[in-house]
Amino acid sequence: MDHAYPARLDGRLDEPVSRWLWLVKWALLIPHFVCLVGLWIAMSVLTIVAGLSILATGHYPRAIFDFNAGVVRWTWRVGFYGISAFATDRYPPFRLAADPSYPADFHVDYPERLSRGLVLVKWWLLAIPQYVIVSILAGGWGLNADGAWRITGGGGVIALLALVSAVVVLATRRYPRPIFEVIMGLNRWCYRVLAYVALMRDEYPPFRYDGGGADPGSPPPVQDKLPFAA
């Protein structure tokens, strides 16, 4: 677990992937985009409330933490289905809670205590180097000029690689697994930064690429034993 970070992003390539569905996924996701606009506005307000709580008490209110983690989880499922990966044709569920049956998931460990001083600087000053990297990878994660969270990226390296994969699927019917491994690693980097600047953790996101579908910090999948296995 040396490579574990307390915010974990997982994704399972859900083959076979349709050759043509990716062309209309943006339209199919419109209901999700509508929901996410409202959810991210709520998350922006609640993150401010959580920051004030951390500043006063050192604690992130658990109900707010669970809600905000759910919003990030919902966003990742939409991205995995759409422009951040195109790695499944299973329509993402309209829910904040974890869904082990869906091939994409996000988890962040609840902190028992957070630094009261870091809350003032980590989301802007300390995160500046990470913002530069994430802006290249995702094309826009971060804060708008008015202080509101951006909901999704676009036009970055991740979206470009996802489109390349979609074109390869169109031509060959197979999703290129090496590109999937890279896409997951780059998304993982971005979501670790997001958890940090959303005040969920004090541990600084590592400047480290962790590729592959399974996060290094996630437990291995449970293997069903045969009846007479040792």
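The values are calculated or read from the model by the stated rules, or taken from the named source; none is laboratory data. All of these numbers come straight from a predicted model, not from anything done at the bench. So basically every Cβ, Gly included, is an ideal-geometry build from the backbone, and we count neighbours across all protein chains shown.
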Q) Would you call H3 in contact (Cβ under 8 Å) with a residue 12 or more places away in the chain, farther than 30 Å from A166 by Cα, surrounded by fewer than 13 Cβ atoms within 10 Å (Cβ to Cβ) and not small (G, A, S)? A) yes
Q. Identify, please: which residue in segment 73-125 is in a loop (DSSP other than H, G, I, E, B) and among the polar types (S, T, N, Q) and is, among those, surrounded by the most Cβ atoms within 10 Å (Cβ to Cβ)?
A. S84
Q.
Just to be sure I understand the filter: pairs with C-beta atoms under 7 Å, separated by 6 or more residues or on different chains, first member in segment 58-83 and over 14 Å from H32 (Cα atoms) and free of Cβ contacts under 8 Å to residues at least 12 places away in the same chain, second member among the small types (G, A, S) and not in a loop (DSSP other than H, G, I, E, B). Which pairs pass?
A. none
**Q.** Which numbered condition A4 fails, given (1) part of a loop (DSSP other than H, G, I, E, B); (2) modelled with pLDDT of 95 or more; (3) in contact with a Pro (Cβ under 8 Å, 6 or more places away or on another chain)
**A.** (2)
Q: Could you list all residues from segment 186-204 that are in a loop (DSSP other than H, G, I, E, B) and over 18 Å from I41 (Cα atoms)?
A: R201, D202, E203, Y204
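Would you tally the residues in segment 29-40 being surrounded by 13 or more Cβ atoms within 10 Å (Cβ to Cβ) and part of a helix (DSSP H, G or I)?
Step one: of segment 29-40, the residues surrounded by 13 or more Cβ atoms within 10 Å (Cβ to Cβ) are 29, 32-33, 35-36, 39-40.
If we keep only those that are part of a helix (DSSP H, G or I) as well, we get 32-33, 35-36, 39-40.
Selection size over segment 29-40: 6.
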